[in-house]
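Worksheet: the structure to be examined is printed underneath.
The values are calculated or read from the model by the stated rules, or taken from the named source; none is laboratory data. Everything quoted here is computed from the prediction, not taken from an experiment. Here the Cβ positions follow ideal geometry from the backbone for every residue, glycine too, while neighbour counts run over all protein chains shown. Keep in mind that these areas ignore ligands, DNA and RNA; they rest on the heavy atoms of the full protein, side chains included. Shrake-Rupley method; radii C 1.70, N 1.55, O 1.52, S 1.80 Å.
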Amino acid sequence: MKQLENLPYAYNALEPYIDEQTMRLHHDKHHQTYFDKFLAAIENYPELKNENVKEILRHLNKIPSEIKTAVVNHGGGYYNHNFFWTILKKDVKFEGEISKEILKKWGSFDKFKEEFKNNALGVFGSGWTWLVLDKNELKIVKTANQDSVISLNMIPLLTIDVWEHAYYLKYQNKRMDYVEAFFNVINWKKVNEYYLEVRKNDKNK
Ligand code: MN
């Protein structure tokens, strides 16, 4: 039986910016539930059971209509959180190729941060803010609910979960404080790796 992957670090690894209790609930309850419901949705579809969740989200048009909503919501929730965990780490310097590209596009780190923060604050209700490559262009975009940029043909480089479950225990209604704190736990090394991976694939085309 397939199981949800463990969090790739300790639950308290992001303290004090993201607290241990939030990480426990977020991974062990919320993420676990998306995973379980996703598996339940594709249970009777052998061709989907053998497919990677990323490929499934990339080709939503191939999903039978009776399970499409469940796949978008729970498959999206499963994938988005998998990705989110990987770009979180404390005290990682903003550097590498991606930092140069961000500075080229936004002019300064502060400008980039401002647009990213405003985007995250502008998500109405539940959703995500992303830094993506969209046809080779860096962009900041938002998605509602558990919709994934993967389904929009974009390549995710960085994301923040702005569902209340991601911050409410520690920050209550103060999403701004959570988004500000998030900037202390961005794993720029990983973001840079994702960026270089795309570039490498471009060269091999
Ligand atoms: Mn979440």
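Summary table
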read-out: Any hit, region 85-100, residues being within 16 Å of the ligand (Cβ to nearest atom), among the aromatic types (F, W, Y) and open to solvent by less than 60 Å² (accessible area, probe 1.4 Å); value: yes
read-out: Tally, over region 131-190, of residues that are in a strand (DSSP E or B) and within 16 Å of the ligand (Cβ to nearest atom); value: 8
read-out: Qualifying position, being surrounded by 15 or more Cβ atoms within 10 Å (Cβ to Cβ), touching a Phe, Trp or Tyr at 6+ places or on another chain (Cβ under 6 Å), modelled with pLDDT of 95 or more and β-branched (V, I, T), among I140, I155, I150; value: I140
read-out: Filter pass, K111 being in a loop (DSSP other than H, G, I, E, B), open to solvent by 80 Å² or more (accessible area, probe 1.4 Å) and either assigned by TED's automatic domain parsing to the domain that holds S151 or closer than 20 Å to K189 by Cβ (or both); value: no
read-out: All positions within region 42-58 that are over 18 Å from the mean Cα position of the chain (by Cα) and either among the hydroxyl-bearing types (S, T, Y) or open to solvent by 70 Å² or more (accessible area, probe 1.4 Å) (or both); value: E43, N44, Y45, P46, E47, K49, N50, E51
read-out: Failed criterion for F38 (all others in (1) open to solvent by less than 40 Å² (accessible area, probe 1.4 Å); (2) more than 16 Å from the ligand (Cβ to nearest atom); (3) over 21 Å from K189 (Cβ atoms) hold); value: (2)
read-out: Residues (of a type in the set (K, R) and touching a residue at least 40 places away in the same chain (Cβ under 8 Å)) located in region 74-104; value: K89, K90, K93
read-out: Region 59-78 - residue that is in contact with a Ser or Thr (Cβ under 9 Å, 6 or more places away or on another chain) and open to solvent by 20 Å² or more (accessible area, probe 1.4 Å) and, of those, farthest from the ligand (Cβ to nearest atom); value: H59
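The rows are residues; the columns are (1) closer than 15 Å to V185 by Cα; (2) in contact with a strand residue (DSSP E or B) (Cβ under 9 Å, 6 or more places away or on another chain).
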| site | (1), (2) |
| --- | --- |
| I18 | yes, yes |
| H26 | no, yes |
| P46 | no, no |
| G77 | no, no |
| G96 | no, no |
